[in-house]
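Remarks on the structure that follows.
The values are calculated or read from the model by the stated rules, or taken from the named source; none is laboratory data. All values reported here derive from a predicted model rather than from experimental measurement. So basically every Cβ, Gly included, is an ideal-geometry build from the backbone, and we count neighbours across all protein chains shown.
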Amino acid sequence: MANERRLYLGANLRRLRRDLGLTQADMAADLEVSASYIALLERNHRPLSAEMLLRLAQTYKVDVAALAGGAGADDAARLQAVLKDPLFADIDLPALESGDVATNYPAFTEALLRLYTAYQEEHLALADRAEAARDSDLEEAPDPVAESRRFLAARRNSFPTLDDAAERLAQAIAAHEGMAGYLKSRHQLRVRRIPSSVMVGSTRRLDWHRRELLLDDSLDGASQSFQLALQLAYLELPKEIDAALAESSFATESGERLTRRALASYAAAAVLMPYSAFAKAVEARHYDVEALGRQFGTSFEQTAHRLTTLQKPGQERVPFFFIRVDPAGNVSKRLDGAGFPFARHGGGCPLWSLHEAFRTPRQIVTQWLELPDGQRFFSIARTVTAGGGAYGAPRVERAIALGCAAEHAHRLVYTQGPDAPRPENATPIGVTCRLCHRTECTARSAPPIGRQILPDDIRRTTAPFGFSDN
């Protein structure tokens with residue numbers, strides 16, 4: 001008995017369990033042992049006894065010789081094939097060593113194989129896109145929206161020169177008792193509000209011939225103010241906007257135009273909410289978006305958007321991210337000053353309250369979020385309405401979310417008070433289903449890259465897809 005050879009069959013046992021569509025807990029119940037013991041067996045931390053081998057054969061009707069033979073041989077072969085990739089060409093990796101790794105460290109082997117699979121799939125996807133572009137005799141199509149987003153993200157959506165110029169403009173406007181008076185005095189432009197039918201699809205139009213700035217009279221007060229400020233940004237701050245644009249080069253004309261428009265909107269918001277006054281107010285009101293909107297006469301969305309820009313050196317405030325989506329999940333605006341890992345393509349996580357906000361229109365929904373890597377963020381979400389203003393006028397309902405990293409959340413009014421949400425109750429979310437490896441998520445719409453799906457011949461999981469435990 002002292003010379004009895006110990007049998008370590010972790011890889012084979014794990015493969016059998018997966019082929020049967022079982023979890024470790026399921027197999028443990030069938031064999032009348034603990035789930036932790038099954039885990040130890042699969043990791044080769046315990047040898048498989050003859051009694052357990054027979055129990056496996058009887059319970060699952062498998063051949064003992066097939067189960068016991070060639071432990072880890074398949075994983076070793078897969079690992080050796082992976083290590084032949086040119087990526088590892090400069091590393092001396094003898095076949096014997098890789099075989100030992102596969103036999104003695106099956107969980108590590110599985111992790112490496114899974115990572116390599118994800119890498120290979122992404123590599124092939126890139127190759128496919130490049131091949132498709134070559135087949136059509138076109139280069140990979142540039143994305144002007146992505147160009148503009150990269151420009152803003154690289155600068156954390158902060159442009160101090162524009163802030164300073166807009167603050168000076170706001171002071172000049174105040175001396176003329178408002179923007180309409182300033183436009184009349186400075187540019188000899190009369191502001192007129194006329195019906196939508198006359199505007200023919202425009203919300204704002206500058207008529208130089210008649211010296212008039214025309215606004216759609218269905219716009220609410222905040223929107224009218226913003227359009228006036230936007231026109232003033234184009235009239236008074238073109239040099240500052242052009243200087244900001246000149247800091248980068250654009251692959252497309254559309255990308256440059258989108259960025260120019262974003263900078264003009266930034267300047268308009270800075271006119272309505274001058275940096276110094278707004279930065280002081282956000283601390284006094286603890287970042288209460290609705291209260292700040294009332295103070296500055298701006299909409300919820302305008303105010304939330306402005307909160308993402310408060311990173312002027314020496315006067316920094318809480319860094320926020322901002323996203324706006326429609327009911328179908330399409331992203332129409334996205335700004336990140338808080339290090340939130342947005343998915344470039346595809347929808348976001350359905351567990352994020354941003355997507356639930358449509359069920360409670362105009363009400364703020366708060367939520368703590370936890371990403372798979374353990375990072376926590378705090379977000380608020382609310383719906384906003386564009387359009388309307390008259391019976392039968394088309395409206396667009398969207399939801400916006402504003403959030404910050406956990407270390408800043410204590411400064412927000414939404415985290416204060418006995419009924420405020422607690423970080424320990426954070427909702428586990430992912431960036432997007434294809435990049436999220438939370439296996440128990442019942443809201444999943446697609447399997448993550450690099451994970452093997454269990455068969456459902458014998459067992460169907462509550463989640464849309466079943467995956468191996470390791």
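Restricting to segment 281-290, give me the number of residues that are assigned to a helix (DSSP H, G or I) and buried (at least 21 other Cβ atoms within 10 Å of the Cβ).
Qualifying residue count, segment 281-290: 2.
What pairs come up if the first residue lies in segment 434-462 and is in contact (Cβ under 8 Å) with a residue 24 or more places away in the chain and surrounded by 13 or more Cβ atoms within 10 Å (Cβ to Cβ), the second is assigned to a loop (DSSP other than H, G, I, E, B) and β-branched (Val, Ile, Thr), and their beta carbons are under 6 Å apart, counting only those six or more places apart or on different chains?
Arg434/Ile449
Considering only residues that are of a type in the set (Asp, Glu), closer than 29 Å to Phe340 by Cβ and surrounded by fewer than 19 Cβ atoms within 10 Å (Cβ to Cβ), which ones fall in segment 148-195?
Passing the criteria: Asp164, Glu167.
Arg294: over 17 Å from the mean Cα position of the chain (by Cα) and crowded, with 20+ Cβ neighbours inside 10 Å, yes or no?
So Arg294 does not fit the description; no.
Which of the residues spanning segment 317-340 are modelled with pLDDT under 90 and in contact with a Leu (Cβ under 7 Å, 6 or more places away or on another chain)?
Scanning segment 317-340 gives a single hit, Leu335.
Give the residue that is surrounded by the fewest Cβ atoms within 10 Å (Cβ to Cβ), with candidates limited to residues of segment 9-41 that are under 14 Å from Met52 (Cα atoms) and among the β-branched types (Val, Ile, Thr).
Per the criteria, the residue is Val33.
Filter segment 139-168 for residues that are outside any helix (DSSP H, G or I) and of a type in the set (Asp, Glu); which is nearest to Pro238 (Cα to Cα)?
The qualifying residue nearest to Pro238 (Cα to Cα) is Asp143.
For segment 217-233, how many residues are surrounded by fewer than 16 Cβ atoms within 10 Å (Cβ to Cβ) and either touching a strand residue (DSSP E or B) at 6+ places or on another chain (Cβ under 6 Å) or part of a helix (DSSP H, G or I) (or both)?
The number of residues fulfilling the criteria is 2.
So how many residues does segment 44-66 have that are over 47 Å from the mean Cα position of the chain (by Cα), among the charged types (D, E, K, R) and surrounded by 13 or more Cβ atoms within 10 Å (Cβ to Cβ)?
Number satisfying all stated conditions: 1.
Filter segment 1-43 down to the residues that are over 37 Å from the mean Cα position of the chain (by Cα), in a loop (DSSP other than H, G, I, E, B) and modelled with pLDDT of 85 or more and list them by number.
Glu32, Val33, Ser34
For segment 234-249, give me the residue count where each residue is in a helix (DSSP H, G or I) and under 27 Å from the mean Cα position of the chain (by Cα).
Going through segment 234-249 one residue at a time, the tally reaches 2.
Here is a check on your reading of the model: is Arg205 in a strand (DSSP E or B), in contact with a helix residue (DSSP H, G or I) (Cβ under 8 Å, 6 or more places away or on another chain) and free of Cβ contacts under 8 Å to residues at least 24 places away in the same chain?
yes
Does Tyr414 count as of a type in the set (Phe, Trp, Tyr), exposed (fewer than 14 other Cβ atoms within 10 Å of the Cβ) and not in a strand (DSSP E or B)?
So Tyr414 fails the test.
Would you confirm whether or not segment 360-377 contains a residue that is of a type in the set (S, T, N, Q), part of a strand (DSSP E or B), buried (at least 20 other Cβ atoms within 10 Å of the Cβ) and in contact (Cβ under 8 Å) with a residue 24 or more places away in the chain?
Yes, some residue in segment 360-377 is of a type in the set (S, T, N, Q), part of a strand (DSSP E or B), buried (at least 20 other Cβ atoms within 10 Å of the Cβ) and in contact (Cβ under 8 Å) with a residue 24 or more places away in the chain.
For segment 250-280, which positions are over 28 Å from Val318 (Cα atoms) and either within 26 Å of the chain's Cα centre (by Cα) or surrounded by 15 or more Cβ atoms within 10 Å (Cβ to Cβ) (or both)?
Phe250, Ala251, Thr252, Ser254, Gly255, Glu256, Arg257
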